[in-house]
Amino acid sequence: MKLYSYFRSSASYRVRIALNVKNLPYDYVPVHLVRDGGEQLKPEYRKVNLDGIVPTFVDGNEVMPQSLAIIEYLEETHPQPPLLPGTPAERAYVRSVALQVACEIHPLNNLRVLKYLKHTLCVEEDAKDAWYKHWVEAGFATLETHLAGNPRTGKLCFGDTPTLADACLIPQVFNAQRFKVDTAKFPTIQRIYDHAMQLDAFARAAPGVQPDAE
Ligand SMILES: N[C@@H](CCC(=O)N[C@@H](CS)C(=O)NCC(=O)O)C(=O)O
(Lines give C-alpha, C1' and ligand atoms only; values in the text may rest on other atoms or scores of the structure.)
Protein backbone atom coordinates (compact mmCIF):
# COMPACT_ATOMS: atom_id res chain seq x y z
CA MET A 1 0.00 0.00 0.00
CA LYS A 2 1.17 3.47 -0.87
CA LEU A 3 0.00 6.95 0.16
CA TYR A 4 0.73 10.08 -1.84
CA SER A 5 0.79 12.68 0.89
CA TYR A 6 2.02 16.10 1.97
CA PHE A 7 2.96 16.47 5.62
CA ARG A 8 0.74 19.53 6.21
CA SER A 9 -2.20 18.34 4.12
CA SER A 10 -5.12 17.77 6.46
CA ALA A 11 -6.85 15.43 4.00
CA SER A 12 -3.69 13.27 3.86
CA TYR A 13 -3.44 13.48 7.66
CA ARG A 14 -6.95 11.94 7.92
CA VAL A 15 -5.82 8.89 5.96
CA ARG A 16 -2.56 8.60 7.93
CA ILE A 17 -4.61 8.47 11.14
CA ALA A 18 -6.89 5.75 9.72
CA LEU A 19 -3.93 3.66 8.52
CA ASN A 20 -2.27 3.97 11.93
CA VAL A 21 -5.42 3.13 13.90
CA LYS A 22 -5.68 -0.02 11.80
CA ASN A 23 -1.95 -0.71 12.13
CA LEU A 24 -1.46 -0.88 8.39
CA PRO A 25 2.05 -0.30 7.07
CA TYR A 26 2.35 1.79 3.90
CA ASP A 27 4.90 3.53 1.75
CA TYR A 28 4.86 7.31 2.03
CA VAL A 29 5.21 9.14 -1.29
CA PRO A 30 5.72 12.87 -0.71
CA VAL A 31 4.03 15.39 -3.01
CA HIS A 32 5.21 18.92 -2.25
CA LEU A 33 2.21 21.25 -2.57
CA VAL A 34 4.25 24.45 -2.71
CA ARG A 35 7.67 23.76 -4.21
CA ASP A 36 8.10 24.54 -7.88
CA GLY A 37 4.50 25.74 -8.27
CA GLY A 38 3.17 22.57 -6.63
CA GLU A 39 4.13 19.02 -7.51
CA GLN A 40 0.43 18.07 -7.30
CA LEU A 41 -0.15 20.00 -10.53
CA LYS A 42 2.56 18.24 -12.56
CA PRO A 43 1.38 15.94 -15.35
CA GLU A 44 3.07 12.89 -13.74
CA TYR A 45 1.02 13.29 -10.56
CA ARG A 46 -2.17 14.09 -12.48
CA LYS A 47 -1.91 10.63 -13.97
CA VAL A 48 -2.72 9.25 -10.50
CA ASN A 49 -4.98 12.11 -9.35
CA LEU A 50 -6.97 14.00 -11.97
CA ASP A 51 -7.79 16.87 -9.60
CA GLY A 52 -4.17 17.45 -8.64
CA ILE A 53 -4.78 17.13 -4.91
CA VAL A 54 -3.52 14.84 -2.16
CA PRO A 55 -4.05 12.24 -0.84
CA THR A 56 -4.05 9.43 -3.36
CA PHE A 57 -4.02 5.89 -2.04
CA VAL A 58 -2.74 2.87 -3.92
CA ASP A 59 -3.55 -0.71 -2.98
CA GLY A 60 -2.25 -3.14 -5.59
CA ASN A 61 -3.85 -2.10 -8.88
CA GLU A 62 -6.40 0.17 -7.20
CA VAL A 63 -5.61 3.88 -7.24
CA MET A 64 -8.04 6.01 -5.28
CA PRO A 65 -8.47 9.72 -4.53
CA GLN A 66 -10.63 11.36 -1.82
CA SER A 67 -9.71 10.81 1.81
CA LEU A 68 -13.16 9.77 3.01
CA ALA A 69 -13.56 7.21 0.23
CA ILE A 70 -10.10 5.86 1.09
CA ILE A 71 -10.97 5.57 4.79
CA GLU A 72 -14.27 3.84 4.01
CA TYR A 73 -12.30 1.44 1.77
CA LEU A 74 -9.88 0.70 4.62
CA GLU A 75 -12.81 0.19 6.96
CA GLU A 76 -14.34 -2.39 4.62
CA THR A 77 -11.11 -4.19 3.79
CA HIS A 78 -9.61 -4.05 7.32
CA PRO A 79 -12.60 -3.83 9.68
CA GLN A 80 -10.59 -4.16 12.92
CA PRO A 81 -10.22 -1.96 14.82
CA PRO A 82 -13.30 -0.19 13.47
CA LEU A 83 -13.48 3.51 12.69
CA LEU A 84 -17.27 3.40 12.46
CA PRO A 85 -19.59 2.29 15.28
CA GLY A 86 -22.09 -0.54 15.41
CA THR A 87 -25.52 0.78 14.40
CA PRO A 88 -26.71 2.65 11.29
CA ALA A 89 -27.76 5.66 13.37
CA GLU A 90 -24.38 5.78 15.13
CA ARG A 91 -22.55 5.47 11.84
CA ALA A 92 -24.64 8.29 10.36
CA TYR A 93 -23.77 10.39 13.39
CA VAL A 94 -20.02 9.79 13.08
CA ARG A 95 -20.15 10.46 9.34
CA SER A 96 -22.08 13.69 9.94
CA VAL A 97 -19.33 15.02 12.22
CA ALA A 98 -16.69 13.97 9.68
CA LEU A 99 -18.58 15.64 6.84
CA GLN A 100 -19.06 18.83 8.84
CA VAL A 101 -15.28 19.13 8.66
CA ALA A 102 -14.68 17.65 5.23
CA CYS A 103 -17.53 19.41 3.36
CA GLU A 104 -18.40 22.54 5.34
CA ILE A 105 -14.98 23.73 6.51
CA HIS A 106 -12.09 22.23 4.58
CA PRO A 107 -13.04 22.99 0.92
CA LEU A 108 -13.38 26.71 1.64
CA ASN A 109 -9.87 26.83 3.04
CA ASN A 110 -8.00 24.62 0.67
CA LEU A 111 -4.71 25.85 -0.77
CA ARG A 112 -6.09 26.31 -4.29
CA VAL A 113 -8.99 28.40 -2.95
CA LEU A 114 -6.61 30.63 -0.97
CA LYS A 115 -4.32 30.91 -4.01
CA TYR A 116 -7.29 31.95 -6.18
CA LEU A 117 -8.33 34.61 -3.66
CA LYS A 118 -4.81 35.98 -3.54
CA HIS A 119 -3.50 35.68 -7.09
CA THR A 120 -6.66 35.89 -9.24
CA LEU A 121 -9.03 38.02 -7.18
CA CYS A 122 -6.07 39.97 -5.76
CA VAL A 123 -7.42 40.13 -2.21
CA GLU A 124 -4.96 41.41 0.40
CA GLU A 125 -3.18 38.95 2.70
CA ASP A 126 -5.27 40.19 5.66
CA ALA A 127 -8.53 39.61 3.81
CA LYS A 128 -7.40 36.12 2.80
CA ASP A 129 -6.56 35.33 6.44
CA ALA A 130 -9.94 36.74 7.52
CA TRP A 131 -11.66 34.44 5.01
CA TYR A 132 -9.80 31.42 6.42
CA LYS A 133 -10.57 32.35 10.03
CA HIS A 134 -14.23 33.10 9.32
CA TRP A 135 -15.02 29.71 7.80
CA VAL A 136 -13.04 27.68 10.33
CA GLU A 137 -14.57 29.53 13.25
CA ALA A 138 -18.09 29.26 11.84
CA GLY A 139 -17.67 25.51 11.31
CA PHE A 140 -16.02 24.94 14.68
CA ALA A 141 -18.76 26.95 16.45
CA THR A 142 -21.38 24.60 15.01
CA LEU A 143 -19.34 21.53 15.91
CA GLU A 144 -18.60 22.80 19.41
CA THR A 145 -22.31 23.29 20.17
CA HIS A 146 -23.06 19.90 18.69
CA LEU A 147 -20.32 17.96 20.49
CA ALA A 148 -20.57 19.79 23.84
CA GLY A 149 -24.23 18.94 24.28
CA ASN A 150 -24.15 15.40 22.99
CA PRO A 151 -24.17 12.31 25.20
CA ARG A 152 -22.29 10.47 22.43
CA THR A 153 -19.24 12.66 23.00
CA GLY A 154 -16.57 11.07 25.17
CA LYS A 155 -12.85 11.61 25.33
CA LEU A 156 -13.14 11.68 21.55
CA CYS A 157 -15.96 12.65 19.15
CA PHE A 158 -17.83 9.39 19.66
CA GLY A 159 -17.03 7.73 22.97
CA ASP A 160 -13.43 7.05 23.86
CA THR A 161 -12.13 5.21 20.81
CA PRO A 162 -11.07 6.80 17.51
CA THR A 163 -13.58 7.10 14.70
CA LEU A 164 -13.78 8.66 11.26
CA ALA A 165 -15.00 11.83 13.00
CA ASP A 166 -11.71 12.20 14.92
CA ALA A 167 -9.71 11.38 11.79
CA CYS A 168 -11.30 14.47 10.20
CA LEU A 169 -11.48 16.81 13.19
CA ILE A 170 -7.92 16.48 14.53
CA PRO A 171 -6.17 17.53 11.26
CA GLN A 172 -8.53 20.50 10.91
CA VAL A 173 -7.61 21.67 14.42
CA PHE A 174 -3.91 21.37 13.58
CA ASN A 175 -4.51 23.38 10.41
CA ALA A 176 -6.53 26.05 12.25
CA GLN A 177 -3.76 26.48 14.81
CA ARG A 178 -1.22 26.87 12.03
CA PHE A 179 -3.33 29.75 10.71
CA LYS A 180 -3.43 31.28 14.21
CA VAL A 181 -7.05 30.49 15.05
CA ASP A 182 -7.50 30.37 18.82
CA THR A 183 -8.96 26.88 19.13
CA ALA A 184 -9.22 27.26 22.94
CA LYS A 185 -12.44 29.18 22.18
CA PHE A 186 -13.93 25.77 21.39
CA PRO A 187 -13.29 23.86 24.64
CA THR A 188 -14.80 20.51 23.66
CA ILE A 189 -12.95 20.46 20.35
CA GLN A 190 -9.74 21.49 22.13
CA ARG A 191 -10.20 18.77 24.76
CA ILE A 192 -10.76 16.11 22.09
CA TYR A 193 -7.69 17.32 20.19
CA ASP A 194 -5.51 17.27 23.32
CA HIS A 195 -6.64 13.75 24.14
CA ALA A 196 -6.17 12.45 20.59
CA MET A 197 -2.64 13.78 20.45
CA GLN A 198 -1.76 11.52 23.39
CA LEU A 199 -2.67 8.48 21.29
CA ASP A 200 0.01 6.73 19.29
CA ALA A 201 -2.02 6.49 16.04
CA PHE A 202 -2.58 10.25 16.02
CA ALA A 203 0.90 11.19 17.19
CA ARG A 204 2.49 9.09 14.41
CA ALA A 205 0.23 10.75 11.83
CA ALA A 206 1.15 14.30 12.89
CA PRO A 207 2.66 16.56 10.23
CA GLY A 208 5.85 17.20 12.21
CA VAL A 209 6.94 13.55 12.16
CA GLN A 210 6.29 12.77 8.49
CA PRO A 211 9.25 11.99 6.21
CA ASP A 212 8.72 15.23 4.27
CA ALA A 213 8.27 17.46 7.35
CA GLU A 214 10.13 20.76 7.14
N1 LIG B 1 -11.90 16.22 -0.74
C2 LIG B 1 -10.49 15.90 -0.89
C3 LIG B 1 -9.69 17.13 -0.56
C4 LIG B 1 -8.22 16.95 -0.89
C5 LIG B 1 -7.50 18.27 -0.83
O6 LIG B 1 -8.11 19.31 -0.95
N7 LIG B 1 -6.18 18.21 -0.61
C8 LIG B 1 -5.42 19.42 -0.49
C9 LIG B 1 -4.47 19.34 0.68
S10 LIG B 1 -5.36 19.15 2.20
C11 LIG B 1 -4.59 19.63 -1.74
O12 LIG B 1 -4.02 18.69 -2.25
N13 LIG B 1 -4.51 20.87 -2.19
C14 LIG B 1 -3.68 21.18 -3.32
C15 LIG B 1 -4.06 22.47 -3.92
O16 LIG B 1 -4.98 23.13 -3.42
O17 LIG B 1 -3.42 22.83 -4.92
C18 LIG B 1 -10.13 14.74 0.05
O19 LIG B 1 -10.79 14.60 1.07
O20 LIG B 1 -9.22 13.97 -0.25
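With respect to the conditions (1) farther than 21 Å from Ile17 by Cβ; (2) crowded, with 17+ Cβ neighbours inside 10 Å; (3) not charged (D, E, K, R), Val136 lacks only one, and its number is (1). Kindly check whether there is at least one residue in region 22-33 that is assigned to a helix (DSSP H, G or I), more than 9 Å from the ligand (Cβ to nearest atom) and in contact with a Gly (Cβ under 8 Å, 6 or more places away or on another chain). No; the residues of region 22-33 include none that is assigned to a helix (DSSP H, G or I), more than 9 Å from the ligand (Cβ to nearest atom) and in contact with a Gly (Cβ under 8 Å, 6 or more places away or on another chain).
Kindly establish whether Leu117 is in contact with a Lys or Arg (Cβ under 7 Å, 6 or more places away or on another chain) and within 16 Å of the ligand (Cβ to nearest atom).
Answer is yes for this residue.
Does Pro151 count as free of Cβ contacts under 8 Å to residues at least 24 places away in the same chain, outside any helix (DSSP H, G or I) and either crowded, with 22+ Cβ neighbours inside 10 Å or out of contact with any Leu (no Cβ under 7 Å at 6 or more places or on another chain) (or both)? The answer is yes for Pro151. When Leu169 is tested against the conditions (1) assigned to a helix (DSSP H, G or I); (2) free of Cβ contacts under 8 Å to residues at least 60 places away in the same chain, the lone failure is (2).
Can you tell me which residue among Val21, Val31 is touching a strand residue (DSSP E or B) at 6+ places or on another chain (Cβ under 7 Å), surrounded by 17 or more Cβ atoms within 10 Å (Cβ to Cβ) and either touching a residue at least 60 places away in the same chain (Cβ under 8 Å) or not acidic (Asp, Glu) (or both)?
On inspection, the qualifying residue turns out to be Val31.
Against the test of being at pLDDT 95 or above and within 16 Å of the ligand (Cβ to nearest atom), the options Gly159, Gly139, Gly154 yield a single qualifying residue, Gly139.
Looking at region 5-18, which of its residues are among the aromatic types (Phe, Trp, Tyr) and farther than 10 Å from Ile53 by Cβ?
From region 5-18, those among the aromatic types (Phe, Trp, Tyr) are 6-7, 13; that's our starting set.
Once the filter is applied, which keeps residues that are among the aromatic types (Phe, Trp, Tyr) and farther than 10 Å from Ile53 by Cβ, region 5-18 yields Phe7, Tyr13.
Among the residues of region 91-108, are any under 18 Å from the mean Cα position of the chain (by Cα), touching a residue at least 24 places away in the same chain (Cβ under 8 Å) and within 9 Å of the ligand (Cβ to nearest atom)? Yes: one or more hits. Here Thr161 clears all of (1) in a loop (DSSP other than H, G, I, E, B); (2) under 17 Å from the mean Cα position of the chain (by Cα); (3) of a type in the set (Ser, Thr, Tyr) except the condition numbered (2).
Look at (1) more than 12 Å from the ligand (Cβ to nearest atom); (2) of a type outside the set (Val, Ile, Thr); (3) more than 22 Å from Ala213 (Cα to Cα); (4) not in a loop (DSSP other than H, G, I, E, B) and you find that Asp36 fails only one, number (3). The residues listed here are Ile53, Ile17, Ile71; of these, the one that is part of a helix (DSSP H, G or I) and either assigned by TED's automatic domain parsing to the domain that holds Trp131 or within 11 Å of the ligand (Cβ to nearest atom) (or both) is Ile71.
The values are calculated or read from the model by the stated rules, or taken from the named source; none is laboratory data. Fair warning: this is a prediction, and the values are worked out from it, not measured in the lab. Every residue, glycine as well, gets a Cβ built from its backbone with ideal geometry; the counts of neighbours run over all protein chains shown.
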